[in-house]
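One structure is given here, and the rest of the page talks about it.
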Amino acid sequence: MIGEGTLSTAANEYNPSLSPDGRTLVFARSEPEFRNARILVSHLRDGRWSPAQPIAFTDERYSDTDPTFSPDGNTLYFISNRPALDRDSARTDLDIWRVPRVQEGWGTPEHLGAAVNSRAQELGPTWHDGSLYFASSRGGRARMLDIYRSREGATGFGAAEALDEVNTEASDSDPEFSRDGRTLLFWSDRAGAAARQTCTRADARLRAGQPPGCWRARSTRRGSTSRLRSPPTGGGSTSRA
């Protein structure tokens, strides 16, 4: 356990992201059922992680969660239900935001707009090869999640597109890539998973002994993935929270 009593507590801690230099850790903390989610930050000093503190731009009136650093560490992407200029003030769904890292700490959060966000829930963003990957319940199936990708160009983000080669009729969410970009890891509650919405540690090899709740998609060329294969069965599992 990392930071028992300081980083890891009796609350839910989840979705950690480490800066490229390995010295800043951001993660989400919430009450049961993910109520009152906050983003916290800790710094590595003299070989020890400092007590986690709410990140500077967090607002206790809203839920902020699922932080992830960009590959260069200069931007933090996160999920929030805070209001934005380009969305109805009555909306309370979760959208994707980003905030620049500046010399003094953090800049002003920016809503990513309608090309990325929807009136449904967006969750678990991650950055890979010029595109933002995330989960969304916009598919019209109540409370069900699919994985989407939005490519960033010179004029901003393009329209989000579903990863049809990965998504199923079940929920698929929280995508994450291996360092070499050749393996996509995510959780799923599709048939064959050992427990609903669970996944444990996995790597590009997905060795025997890992639970069937983990799945992988191998990249076949830039920007695409091959047909899914499930890893060998066996072993226990650990929930997202």
HN-Hα J in Hz across the range 98-112 - Karplus 6.51, -1.76, 1.60, θ = phi - 60°, x for Gly and Pro: 9, 9, x, 8, 10, 4, 7, x, 9, x, 9, x, 10, 6, 7
Expected vector for the range 66-73, Karplus 3J(HN,Hα) from phi with 6.51, -1.76, 1.60 and θ = phi - 60°, integer Hz, x for Gly and Pro, equals 6, x, 8, 6, 5, x, 8, x
The long-range amide H neighbours of ARG138, using H built 1.01 Å from N in the peptide plane and a cut-off of under 5 Å, are GLN121, ASP146
Pull out a ≥ b ≥ c, the square roots of the eigenvalues of the alpha-carbon gyration tensor of the range 1-72, then state rounded if a/c is under 1.5, prolate if not and a/b is larger than b/c, and oblate in the remaining case. oblate
Shape metrics for the range 50-92, restricted to C-alpha atoms - Rg then Dmax, Å: 12.6, 38
Can you tell me the order of 109-116, 8-15, 183-190 when each peptide is scored by its average per-residue count of other Cβ atoms within 10 angstrom, highest first? 183-190, 109-116, 8-15
If you take the alpha carbon radius of gyration of the range 52-125 and divide it by 2.2 N^0.38 Å, what ratio comes out, to two decimals? 1.07
Given axes a ≥ b ≥ c from the Cα gyration tensor, I'd like to know whether the range 66-198 is rounded (a/c under 1.5), prolate (a/b larger than b/c) or oblate. oblate
Of TYR62, TYR133, which has the most accessible area with a 1.4 Å probe, and how do the rest follow in descending order? TYR62, TYR133
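Classify the range 121-187 as rounded, prolate or oblate, taking a ≥ b ≥ c as the square roots of the eigenvalues of its Cα gyration tensor: rounded when a/c is under 1.5, otherwise prolate if a/b is larger than b/c and oblate if not.
Working: a/c = 2.17, a/b = 1.25, b/c = 1.74.
Here the range 121-187 falls in the oblate category.
Which order do peptides 171-180, 72-81 fall in by mean Cβ count within 10 Å, highest first?
Packing proxy ranking, top to bottom: 72-81, 171-180.
The values are calculated or read from the model by the stated rules, or taken from the named source; none is laboratory data. Quick caveat, the model's predicted, so the values are computed rather than measured. No Cβ is skipped: glycine too gets one built from the backbone with ideal geometry, and neighbour counts run over all protein chains shown. Heads up: the accessible areas ignore ligands, DNA and RNA and are worked out on the full protein's heavy atoms, side chains in. Shrake-Rupley method; radii C 1.70, N 1.55, O 1.52, S 1.80 Å.
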